[in-house]
Amino acid sequence: MTAIIFGSKYPSKPLETLLDIFRIIDESGVKVWIHLEFLKFLESKKVVLKDVNSFTDMTSLPVAILKDKDTIAISIGGDGTYLRTAWQVMEYKLPVLGVNLGRLGFLAAISGDVFRQAWEHILRKEYRVIERSMIDIYTEKEGHTTEQGTVLNEVVVSKKDSGSMISIEAQIDDQRVATYLADGLIISTPTGSTAYSLSVNGPIIAPNTSTFCLTPVAPHMLNMRPLVVADDSEIRLKVSARNLSFLLVADGKTTSLSCNTVLCLKKSKESIRSIQISGYNFYQTLRDKLMWGIDPREV
């Protein structure tokens, strides 16, 4: 078995937790490859690692390792680190284990203090791989269609001028849905439902469901609520704004577009393969991270 490790240089948890994680991996005899930037961070913190290899990017790894069905990727950090790891390994269909050294952590669901138990499950192959759906983004302008990328969490259409709202006309499968007068509109995958969408009262959606969610940001209408649709739908968005431009935010990457640009969103053929350990599940994560369904009087 081989572990390809990516990590954050800004972990929120104590360095001792990081040391414990590598001690546990080292004891298991697994072959380890560590991303060079993360390795330099570890060395700067005087973390001593035995028998590890480094790599600069995925193309510098041996082909045999990338094709080996026993190779996994490990993300050590928060959800941002997990996203960066997922993008790196997506082409190679490697499953990703997220170890949370950040704050909340829905993607990086395994906390450092239970890593030993989780790692034992990995070694015994007591886990399953969840396929997390993604969204492809296209823009249409003056008869030309341009691919704008793919997201795991969400696409956000946002106002560019902080002093005014924008108008977003939404169509699903060529059927008019509504015109949103708001600060913006979030189109999230089930994975992204616990990200930005959650902070504006969007629904929490189980990651294995085949849906997308449209959640308005600060709508100027009391009767405008989030809408959950099938993920085989094609979503088209047309924006109007005073300054004739708006922002497209794709998993944190921001692009300014003119209002004569139409957005087209579709389910991607690509997906992220996420490791789910036996005994650890999405609903447990909700209880642990959000105190889901817990009576505060009993805490």
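Taking the criterion of being touching a Phe, Trp or Tyr at 6+ places or on another chain (Cβ under 6 Å) and at pLDDT 95 or above, the only residue of the range 188-218 that qualifies is P216. One residue is enough: does the range 276-296 have a residue meeting the conditions assigned to a strand (DSSP E or B) and either of a type in the set (D, E) or assigned by the TED database to the domain that holds D70 (or both)? Yes: one or more hits. The residue pairs whose first member lies in the range 163-174 and is within 21 Å of D232 (Cβ to Cβ), whose second member is surrounded by fewer than 15 Cβ atoms within 10 Å (Cβ to Cβ) and at pLDDT 95 or above, and whose beta carbons are closer than 8 Å, counting only pairs six or more residues apart or on different chains, are A170/R176; A170/T179; I172/E234; D173/E234; D174/E234. If the Cβ limit is 9 Å and pairs must be 6+ apart or interchain, which residue in the range 276-296 that is among the charged types (D, E, K, R) pairs with which residue that is surrounded by 12 or more Cβ atoms within 10 Å (Cβ to Cβ)? Taking only residues 6 or more apart or on different chains, the pairs are D288/A109; D288/S111; K289/L104; K289/G105; K289/F106; K289/A109; K289/T194.
It is to be established whether one or more residues within the range 250-257 are of a type in the set (D, E) and either buried (at least 16 other Cβ atoms within 10 Å of the Cβ) or without any contact (Cβ under 8 Å) to a residue 12 or more places away in the chain (or both). The answer is yes; a qualifying residue exists. Looking across the range 125-143 at every residue that is farther than 26 Å from L97 by Cβ and β-branched (V, I, T), the one that is surrounded by the most Cβ atoms within 10 Å (Cβ to Cβ) is identified as I137. For the range 203-221, enumerate the residues that are assigned to a loop (DSSP other than H, G, I, E, B) and farther than 14 Å from A178 by Cα. Of everything in the range 203-221, those that are assigned to a loop (DSSP other than H, G, I, E, B) and farther than 14 Å from A178 by Cα turn out to be P203, I204, I205, A206, P207, N208, T209, S210, A218. For the range 70-78, the criterion of a residue being closer than 21 Å to I277 by Cβ and either out of contact with any helix residue (DSSP H, G or I) (no Cβ under 9 Å at 6 or more places or on another chain) or not assigned by the TED database to the domain that holds L15 (or both) is satisfied by at least one position.
When residues of the range 42-86 are filtered for being in contact (Cβ under 8 Å) with a residue 24 or more places away in the chain, in a helix (DSSP H, G or I) and not basic (K, R), how many remain? Matching residues across the range 42-86 total 11. For the range 148-201, the set of residues classified as in contact with a helix residue (DSSP H, G or I) (Cβ under 6 Å, 6 or more places away or on another chain) and over 14 Å from F246 (Cα atoms) consists of L152, N153, E154, S188, listed by residue number. Taken over the range 111-153, the criterion of being within 15 Å of the chain's Cα centre (by Cα) and either in a strand (DSSP E or B) or outside the structural domain of A250 (by the TED database) (or both) is satisfied by I130, E131, R132, S133, M134, I135, D136, G149, T150, V151.
The values are calculated or read from the model by the stated rules, or taken from the named source; none is laboratory data. Everything numeric in this text was worked out from a predicted model, so none of it was measured. All Cβ positions, even for glycine, are placed from backbone atoms using ideal geometry, and neighbour counts span all protein chains on display.
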